[in-house]
Amino acid sequence: MLRQRIITAAWLAPVTLIGLFGLQGGAFALFTACVVLLGAWEWTNLAGVQDRMARLKLVALTALFMAALWAGGAAFATWPLWLAAFGWAVNLYWVSRYPDKREQWQGQAMRLAMGLWVLLPCWVGFNVLRESGAVWLLFVLLLVWCADIGAYFAGRRFGRRKLAPRVSPGKSWEGVYGALTATFVLAVGFALWQPMGASGGVILVLMTALVTFVSVLGDLFESMLKRFRDIKDSSNLLPGHGGVLDRIDSLTAAIPLFALLFIEVLSARVAAL
């Protein structure tokens, strides 16, 4: 298993870095669309769709939605990001009340609809941040990675109070505090590096705290769906690492929210300096 994980990581890491930071415009949009569509394939399984042809048709439909957004010039608009903000508020309600409220979303059609407000805004957010400059895409990626690392080590060392025991028994509030500490350090470092002034730095720190919480929610939300389906991984597309959604679950929440906050709150301050 360890050997397979290393082999997968050896080719996955450079492909990801080249795709995210070596491509721009339509090429970047196509690369991220491919990643999101692989996630859509896995999401059909989370939704309980078993027929392979039906799953392919649903992925094709998702691709058509993406093409329509791109052709209509809406790939860099804010309305899909606002859709994500609303959707993740609903997701928080369901995660915090699992399994009591599962009858509200356990139907196949509702679980498929979940995928639209999770995956499509994530793709839009990727493109918005890439258009705004690779540095902000890098920031949100580092934010999620720092949050994961901080949560892991703080949870192992100090974890006592369970965060969502019926969804993911291993996660603790102490892990969340570790994630917030790690991303706070990251945000301060970026605020000192980027020309955004003192007020812009404070805004970035506050944005980072909110997005850190949401990234944890992204992880919990996929865990809830996998627990409902009684599966360990979203797929085996990445040998030794599970599926694409297992790797980007936190990003599906963090990317669109950070992109929305960047557009609505931070970008004007950065541009003015």
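Laboratory data are not the source of any read-out in this text; all were calculated from the coordinates shown. Since the structure is predicted, the reported quantities are computational estimates derived from the model, not experimental observations. Every residue, glycine among them, receives a Cβ derived from its backbone with ideal geometry; neighbour counts consider all protein chains shown.
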Please report how far the C-alpha centroid of segment 215-250 lies from that of segment 160-183, rounded to the nearest whole angstrom.
17
Would you mind checking which residues have amide H under 5 Å from residue 242's amide H? H placed 1.01 Å from N; only 5 or more apart, or other chain.
none
Note down, for the chain, the three equivalent ellipsoid semi-axes (square root of 5 times each alpha carbon gyration tensor eigenvalue), biggest first, whole angstrom.
27, 24, 19
Any residue on another chain or 5+ positions along whose placed amide H is under 5 Å from the amide H of residue 172 is listed here as 163
What are the ³J(HN,Hα) couplings of segment 44-50, residue after residue, when phi is run through the Karplus curve with 6.51, -1.76, 1.60 and θ = phi - 60°? Round to Hz, x for glycine and proline.
4, 5, 4, 7, x, 7, 9
Evaluated at 25 °C with a viscosity of 0.890 mPa s, what Stokes-Einstein diffusion coefficient in µm²/s does segment 18-98 have when Rh comes from the Kirkwood expression over alpha-carbon pairs?
169
How large is ³J(HN,Hα) for each residue in segment 20-30, as worked out from phi by the Karplus curve 6.51 cos²θ - 1.76 cosθ + 1.60 (θ = phi - 60°), to whole Hz, x for Gly and Pro?
7, 10, x, 10, 9, x, x, 5, 5, 4, 5
What per residue convex hull volume, in Å³, do the alpha-carbon atoms of segment 73-145 yield?
96
Convex hull projection area averaged over all views, segment 148-273, Cα basis, nm²
8.8
Low-density loop cleavage sites - trypsin sites (Lys or Arg not before Pro) in segment 65-153, where at most 13 other Cβ are within 10 Å (DSSP):
97, 101
Viscosity 0.890 mPa s, temperature 25 °C, Stokes-Einstein D of segment 1-160 from Kirkwood C-alpha radius, µm²/s
138
With the 8 Å Cα cutoff and a minimum separation of six or more residues, segment 2-272 has a relative contact order in percent of 24
Let me spell out the model: positive unit charges on the Cβ of Lys and Arg, negative unit charges on the Cβ of Asp and Glu, origin at the Cα centre of the chain. What dipole size does that give, in debye rounded to 20?
720
